1. Would you mention how many residues in segment 200-226 are near the ligand (Cβ under 9 Å from one of its atoms) and either among the hydroxyl-bearing types (Ser, Thr, Tyr) or not in a strand (DSSP E or B) (or both)?
2. Give the residues of segment 7-61 that are within 16 Å of the ligand (Cβ to nearest atom) and basic (Lys, Arg), sorted by residue number.
3. In the set 82, 76, 30, which member is of a type in the set (Val, Ile, Thr) and either in a strand (DSSP E or B) or free of Cβ contacts under 8 Å to residues at least 24 places away in the same chain (or both)?
4. If you take the residues of segment 227-269 that are over 29 Å from residue 92 (Cβ atoms) and among the acidic types (Asp, Glu), which of them is farthest from the ligand (Cβ to nearest atom)?
5. So residue 243 clears everything in (1) over 13 Å from residue 204 (Cβ atoms); (2) part of a loop (DSSP other than H, G, I, E, B); (3) in contact (Cβ under 8 Å) with a residue 60 or more places away in the chain; (4) not hydroxyl-bearing (Ser, Thr, Tyr) except one condition, right? Which one?
6. Between a first residue in segment 121-150 that is of a type in the set (Gly, Ala, Ser) and a second residue that is part of a strand (DSSP E or B), which pairs have beta carbons less than 6 Å apart while being 6 or more apart in sequence or on different chains?
7. Would segment 173-191 turn up any residue that is in contact with a Ser or Thr (Cβ under 9 Å, 6 or more places away or on another chain), within 19 Å of residue 30 (Cβ to Cβ) and either within 9 Å of the ligand (Cβ to nearest atom) or part of a loop (DSSP other than H, G, I, E, B) (or both)?
8. Would you please list the contacts, defined by Cβ atoms under 9 Å and residues six or more apart or on different chains, that run from a residue in segment 164-184 that is more than 22 Å from residue 139 (Cβ to Cβ) to a residue that is in a helix (DSSP H, G or I) and among the polar types (S, T, N, Q)?
Amino acid sequence: MQAFFEGKYVDMADARVSVMTHALNYGTGVFEGIRGYWNSEEEQLLLFRVREHFERIHRSARIVRINIPYTVDELVDICANVVRSGNFREDVYVRPLAYKSALQIGLSMIVGGPDEPRLVDDDFTLFAVPFGNYLDIEKPIRCTIASWRRVNDNMIPARAKVTGVYINSSMAKTEAVEAGFDEAIMLTHDGHVSEGTGENLFVVRDNRLVTPSVSEDVLEGITRSTIIQIARDELGLETVERPMDRTELFIADELFLVGTGAQISPVSEIDGRIIGDGHIGAVTRALQDLYFDIVRGRQSAYRKWCMSV
Ligand code: PMP
């Protein structure tokens, strides 16, 4: 197996949905991305901040009115069972997805008429696959400002990790790659910096970290909150959360993107402007060293964030 589907543990090949599925047609799903890191000394696979991911999927589901029939504890168990079944001895990526599973043409998530209204059926699935780096972490990447604006909270909730939202990120990422860049940075509808297509963004300025506040249409990232905490507690660096202008990116001392997939990815250039001296900065490097030690379970103070399967 390696997957959980329609309430059962199944082989990946048997986790299949109908083409009529509401979520496939209308983007009515909420999902997560969780990393498991292989610790070779202990021969253990460690899932990073797994509870926080399932707490967030419950919050996402509440926003878009999807019912997840499992508690956070039950979701953690399902996740551990699926990962264990893969007998992985390498890093993995886990994808939980709660979605409108109804086979229905029509947009409303309420059916049954005015007398007996009810929400259309939901389901929950989860699978795990081997996974390496998503963006470069060894050498800095080159970014462009996307011509597509980040979805606004009053259009599609940006702080919920909704499947349908990701057409916005996909278009921006594709545009960037086609133009020869590694990643796109998205602006909010009113022109402030929001985030990468699948990452939150930090700059280093005058020995402080700055990141767009949660009201700037960002996903409230788990890596973002990890970085804020370890920068303060381990490096004595405070993070200012506030609206940020595009041109602040150009004059940053250092700039990096963070996320479960991206981990900590240094940025050396935005639209032809070199950031800092064009190399990985000292703060970025220090945060990377700490982060990779923590996720592989090598920092006892943070071992509580790692769950062995
Ligand atoms: N922003 C977006 C749009 C994302 O898709 C992700 C990845 N989940 C992030 C930020 C980073 O979030 P996290 O650190 O929780 O993975």
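The values are calculated or read from the model by the stated rules, or taken from the named source; none is laboratory data. Predicted, not measured: the structure shown is a model, and the values here were computed from it. Counting neighbours? That spans all protein chains shown, and the Cβs are built from the backbone with ideal geometry, glycine included.
1. Going through segment 200-226 one residue at a time, the tally reaches 9.
2. Scanning segment 7-61 gives 35, 49, 51, 56, 59.
3. On the way: 82 fails: either in a strand (DSSP E or B) or free of Cβ contacts under 8 Å to residues at least 24 places away in the same chain (or both); 76 fails: either in a strand (DSSP E or B) or free of Cβ contacts under 8 Å to residues at least 24 places away in the same chain (or both).
It is 30.
4. Of everything passing the filter in segment 227-269, 253 is farthest from the ligand (Cβ to nearest atom).
5. Result: residue 243 passes all but (3).
6. 128/92; 128/94; 146/184; 146/186
7. Looking for residues that are in contact with a Ser or Thr (Cβ under 9 Å, 6 or more places away or on another chain), within 19 Å of residue 30 (Cβ to Cβ) and either within 9 Å of the ligand (Cβ to nearest atom) or part of a loop (DSSP other than H, G, I, E, B) (or both), one finds none in segment 173-191, hence no.
8. Matching pairs, first to second residue: none at all.
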